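Following: one structure in structure tokens, then a few remarks.
What follows is calculated from the coordinates using simple rules that are stated; it is not laboratory data. Bear in mind that the values here come from a model prediction, so they are computed numbers and not experimental data. FYI the Cβ positions are ideal-geometry reconstructions off the backbone, even for glycines, and counts take in every protein chain you see.
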Amino acid sequence: MEGSGSSISMQKCGKCLLNSNQIPQISNSEKNPGRPYYKCSRCGQFVKWAAPRARMMEMEGSSHGHHESTRMEAEGIEQMMLKIWKELKGLRLEIKLMQSRNSECVRVLVIVNFVLCILIVVLLLK
């Protein structure tokens, strides 16, 4: 299962067949150790790789010391991805709150507009 791309976005999951947020993860498998990928936020199913395999192999190099530093880099990337994921989640909550407040403001403006129209009609009829 290989894919490409590195941004957090909505993606259709192959298992639950719904659009869901992608959660950044780091592979601990023997075949792809330290390789970043995304999983479905609804069912936990693998969605896509965050980096192409060729790029990961390029980063791995041939020596064990280099492999260890690559693993540490991957852990740093995982921490950054998780931090970005949390910030994105917070921003989404703020956007929902702002949308809710905007809806309330629109309702108040409609009511005020309606009351003003009634007052104008009453004044014109006098």
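Tabulated data for the structure shown
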| read-out | value |
| --- | --- |
| FRET efficiency estimate (nearest 0.05) - Cβ-Cβ, LYS31 to VAL106, R0 41 angstrom | 0.15 |
| Residues listed by number, region 90-109, amide nitrogen under 20 Å from LEU124 label point at 7 Å toward C-beta | none |
| By average C-beta atoms within 10 angstrom, highest first, the peptides 88-94, 21-27 | 21-27, 88-94 |
| Lysines whose Cα lies under 18 Å from that of LYS96, excluding same-chain neighbours fewer than 8 positions away | LYS86 |
